[in-house]
Amino acid sequence: MAQPRSVDESFLALPLSALADAALTRAVDLGCEHADLRVERIRTQTVRLRDARLEALADGEDLGLAVRVVHEGTWGFAAGVVLTAAEAVRLAEEAVAVARVSAAMNTDRVELAPEPVHDGEWVSAYDVDPFAVPDVEKTALLVELSERLLAADGVEHVQSSVSQVKEQKFYADTAGTRTRQQRVRVNPELTALTVDRTTGTFESMRTLAPPVGRGWEYLTGTGWDWHAELAELPELLREKVKAPSVDPGRYDLVVDPSNLWLTIHESIGHATELDRALGYEAAYAGTSFATVDKLGTLQYGSPLMHVTGDRTVEHGLSTVGWDDEGVAGQQWDLVRDGVLVGYQVDRNMARLRGMERSNGCAFADSAAHVPVQRMANVSLHPAPDGPSTEEIIGGVERGVYVVGDNSWSIDMQRYNFQFTGQRFYKIEGGRLAGQLRDVAYQATTTDFWGSMTAVGGPQTHVLGGAFNCGKAQPGQVAPVSHGCPTALFENTTILNTKQEGGR
Amino acid sequence: MSTLSPQQLVEAALAASQADGSVVYVTDSSEANLRWASNSLTTNGAMRSRQVVVISFVDGGAGMATGTVARTGTPDIAELVAASERAARDAGPAEDAMPLISEAPAGSGDWDADVAETSIDVFGDFAPALGEAFGAARDRGELLFGFAEHQMSTTYLGTSTGLRLRHDQPTGRVELNGKSTDFGRSVWAGVGTRDFTDVSVADLAAEVQQKMAWSQRRIDLPAGRYETLLPPSTVSDLMIVAYWSMEARDADEGRSVYAKAGGGNRIGERLAQLPLTLRSDPHAPGLETAPFQVVGGSSGSASVFDNGMATPAVDWIRDGVLTNLVRPRAWALRTTAPATAAVDNLVLEDPNATATQAEMIARTERGLLLTTLWYIREVDPQTLLVTGLTRDGVFLVEDGEVTGAVNNFRFNESPVDLLGRATEASRSVRTLPREWNDWFTRASMPMLRVPDFNMSSVSPAS
């Protein structure tokens, strides 16, 4: 039974206000136009098994504080791990020193879009704190699930793991905002492998359960039917091993939400980050083809396409009460009727673009890192009266149905991508006609989304996601969810990966 | 930082331990960075942190079990040790159990010395020089983007068997990316460094300027197989993928590119026609790294029981033949093979190579000269087929001269297969991997000539 939650008392008992008062007062004394302080405690645990035996159980806690300033129009940032007022003052001074060194390279004054002052507490939706569950219980559950797979014919090896995070943040700034937050997320995975030593070949299949903003209840039946998935996995793996290699060519592609979430992440989520469009990620993660001159006119894809950014959806991995600049969570349109209409922004970028307000996309993965523009939950909306997956497949004469994500790669402007999956099925005459092997699909973003001719209904919708999306320098990871229905993409290029690797 | 020194924290945790064995390590880190875009600073920072890791080993009768707990900052040592021992008691017997290391490896630093640190001051000369480069680029109508980072980590590792090992690890890198104002042309230069004293902003800016000049002429080419010159950065990104896949257990169990048909692994098999050596050496000049293992959690390629184990130089491939795979002591014992540990640097070299990169370009009749690779992901673990993209400069070489910039491509290739097809290698030089330099900066690689590199499709990205 879900209980109303508050931020753990052990976090609130830290000297949060004293640290904020010390750092922010010093920053103002040093002439800063803006300053903010974050105190973050991030508890992580990964339990990893190999063939139903515990390989590693890594338990970590990261606790630190960070001061960010705008000093004479230049950013300065400093972070440490000692939670004393003296250290908070030192960090404020060091952040100003960093800003002074950096001023030699700064030509654009930093200004932040306004945000109402907030004072509050927010906790994500979960029932069972995974860190309250004994390690023995967690390991025993993974052993049991692994052994179910190992007992099946043809399954020689099983990898299993569950990653768990509890993230607590205190944010304060010189405008007066004070927020306290707590989020929980889990990421379970099981992979079955079969090996043919005679030929030296092997094949694997992984569970489709996405990472979610839920607690330990996710592993015991809430939000995912593990029993059903593990019961069918070995037979699906056996079928995959015997499946014929795909004939490369162009096919109608029916994409299951378990695969489409990642295509959305790469080709829409990252492409509609304004920092990329403006060049702030140019040297690392890259830029975006969806440049600001195209806002309101770029035909991103089919008129069936409605995509939103959302920091509020329940169980979303990117869902927050406030972002790391004190901006309240919101939902907004990125692509409407197939046209680019919005971006994900932080407060500096919002001001640069003349927007009245940030849409709350600043995030730092720990106190050690400066907040950068990070992805909201970016989701493709289902058609309100849309078809089922079976109905979509039923309308395809010759095609491929892809389930589950695997390999992913896209270029630095988010045009050319190539993805694989866990399972690919041949579609003949509106019916599934067995699995295929060695399949990858390759496309250009606007061509792909422009070829979408059917969008599934709400009954096909699944909230998928990534636990560790990488971006920025120094590198940071962020969790993010993507909801989507099943969808149909006509005339898509299918590669045979064995032939791609051949000579 | 805590009033306790890292050495005191290690001793306090070892003293508090009630376990049958324990390993404690403390890593103090400091870091400074600058990031810029469009000839202006974007973000920056100076950070300090301390990580304290306690690993307890408890013999429950059926075998030794382990528990690892890590905390940053100034944790309560008694609580930390107790949590680690609780985790060990709750875990089952470890498959990789071995007696803890008790013999000190050679090359450990001075245990009693203070922590080594860096600060924003490391950029004292660099930042003004970069500001000047911004001005020069602006005058040419070009934009500079990039990142500079310097980290210093000091690790103190102590064990209940009496080891007291210390290592200082400096790590630095600079990436400089040049673009035209319409972003239609893009080039890159990057270097790894230990202390920034050997970084010349002027040299990096000159390399960017030369490549921008090369890219004035644009040539569109279709997908296909091309003779391709892979410069050291691209070779390092591909060899790192091959290195990260070198787990002996995976190969022995038949689930890796290094597994042999019929069972066993491919050690002894020729992978390259050229007499290439792929090796790691903690004492490689300019690429120095820890000469002993520090492991927080066991996996198929490392074991917490091997903490403190010497990591001597090892040839992974020698004279083109696969020679070693990464093998913790426990797996080595089960397979009667030598234990080997991954080292945080990588060198590929052809001992017979005398050519410079420029000389290899000069004797190319027609081929592609790449700059960097990006978004490299495994497509097929069986062959280690990976996909990825060219980035920031694909140049056409004709009759020994660069004649223009070509569109980018998506490629599908296996680094292991590429080794077998490479027909020429240059002298090896220190290089900065482009894709993996968040984790891996210490590499020395040659340029490789591959006669038929598979450019699978065209990428419109620039």
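The values are calculated or read from the model by the stated rules, or taken from the named source; none is laboratory data. Quick caveat, the model's predicted, so the values are computed rather than measured. Backbone-built Cβ (ideal geometry, glycine too); neighbour counts: all protein chains shown.
Worth a mention:
- Check on A:A78, in the same structural domain as A:D135 (by the TED database) and either surrounded by fewer than 20 Cβ atoms within 10 Å (Cβ to Cβ) or of a type in the set (D, E) (or both): no
- Residues that are over 24 Å from A:G502 (Cβ atoms) and either acidic (D, E) or assigned to a helix (DSSP H, G or I) (or both) within the range B:222-239 comprise B:P232, B:S233, B:S236, listed in sequence order.
- Residues in the range B:403-446 that are farther than 26 Å from B:H283 by Cβ and of a type in the set (A, V, I, L, M): B:A405, B:V406, B:V416, B:L418, B:A422.
- Only residues that are modelled with pLDDT under 95 and in a strand (DSSP E or B) were counted in the range A:185-206, giving 2.
- Evaluation of B:S84 against the conditions (1) touching a residue at least 40 places away in the same chain (Cβ under 8 Å); (2) assigned to a strand (DSSP E or B); (3) hydroxyl-bearing (S, T, Y) shows that the sole unmet condition is (2).
- The single condition from (1) assigned to a helix (DSSP H, G or I); (2) under 20 Å from A:V67 (Cβ atoms); (3) not hydroxyl-bearing (S, T, Y) that A:E144 fails is (2).
- Check on B:E175, among the charged types (D, E, K, R), touching a strand residue (DSSP E or B) at 6+ places or on another chain (Cβ under 6 Å) and not in a loop (DSSP other than H, G, I, E, B): yes
- Cross-chain or 6+ apart pairs with Cβ under 7 Å, the range A:46-59 first and within 7 Å of another protein chain (Cβ to nearest Cβ) and over 23 Å from A:A152 (Cα atoms), then among the charged types (D, E, K, R) and in a strand (DSSP E or B): A:A56/A:R48
- Residue count for the range B:284-343 under the criterion of being outside any loop (DSSP other than H, G, I, E, B), in contact with a strand residue (DSSP E or B) (Cβ under 7 Å, 6 or more places away or on another chain) and within 14 Å of chain A (Cβ to nearest Cβ): the result is 2.
- Filter result (farther than 19 Å from A:R423 by Cβ and within 14 Å of chain B (Cβ to nearest Cβ)) within the range A:383-412: A:S409, A:I410, A:D411, A:M412
- Only one of the numbered conditions (1) within 23 Å of the chain's Cα centre (by Cα); (2) within 14 Å of chain A (Cβ to nearest Cβ); (3) more than 30 Å from A:Q422 (Cβ to Cβ); (4) surrounded by fewer than 22 Cβ atoms within 10 Å (Cβ to Cβ) is violated by B:E349, and that is (2).
- When residues of the range A:165-184 are limited to those that are assigned to a strand (DSSP E or B) and out of contact with any helix residue (DSSP H, G or I) (no Cβ under 8 Å at 6 or more places or on another chain), the one farthest from the other protein chains (Cβ to nearest Cβ): A:T179
- In the range A:84-111, the qualifying residues are those that are buried (at least 16 other Cβ atoms within 10 Å of the Cβ), within 14 Å of another protein chain (Cβ to nearest Cβ) and out of contact with any strand residue (DSSP E or B) (no Cβ under 6 Å at 6 or more places or on another chain), and the one that is nearest to A:S318 (Cα to Cα) is A:A88.
- Residues (in contact with a Phe, Trp or Tyr (Cβ under 6 Å, 6 or more places away or on another chain) and not in a loop (DSSP other than H, G, I, E, B)) located in the range A:274-322: A:L274, A:G309
For (1) under 30 Å from B:M309 (Cα atoms); (2) surrounded by 17 or more Cβ atoms within 10 Å (Cβ to Cβ); (3) modelled with pLDDT of 95 or more, each residue gets a yes or a no:
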position	(1), (2), (3)
B:G124	no, no, no
B:E142	no, yes, yes
B:R166	yes, yes, yes
B:R173	yes, yes, yes
B:V201	no, yes, yes
B:Q209	no, yes, yes
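- Within the range B:364-409, being within 7 Å of another protein chain (Cβ to nearest Cβ), touching a strand residue (DSSP E or B) at 6+ places or on another chain (Cβ under 9 Å) and farther than 17 Å from B:K211 by Cβ holds for B:Y375, B:R377, B:E378, B:V379, B:D380, B:Q382, B:L385, B:T387, B:G388, B:L389.
- B:R279 in a strand (DSSP E or B) and under 20 Å from the mean Cα position of the chain (by Cα): yes
- B:R329 surrounded by fewer than 17 Cβ atoms within 10 Å (Cβ to Cβ), of a type in the set (K, R) and touching a Ser or Thr at 6+ places or on another chain (Cβ under 9 Å): no
- Some residue of the range B:359-376 being without any contact (Cβ under 8 Å) to a residue 60 or more places away in the chain and under 26 Å from the mean Cα position of the chain (by Cα): no
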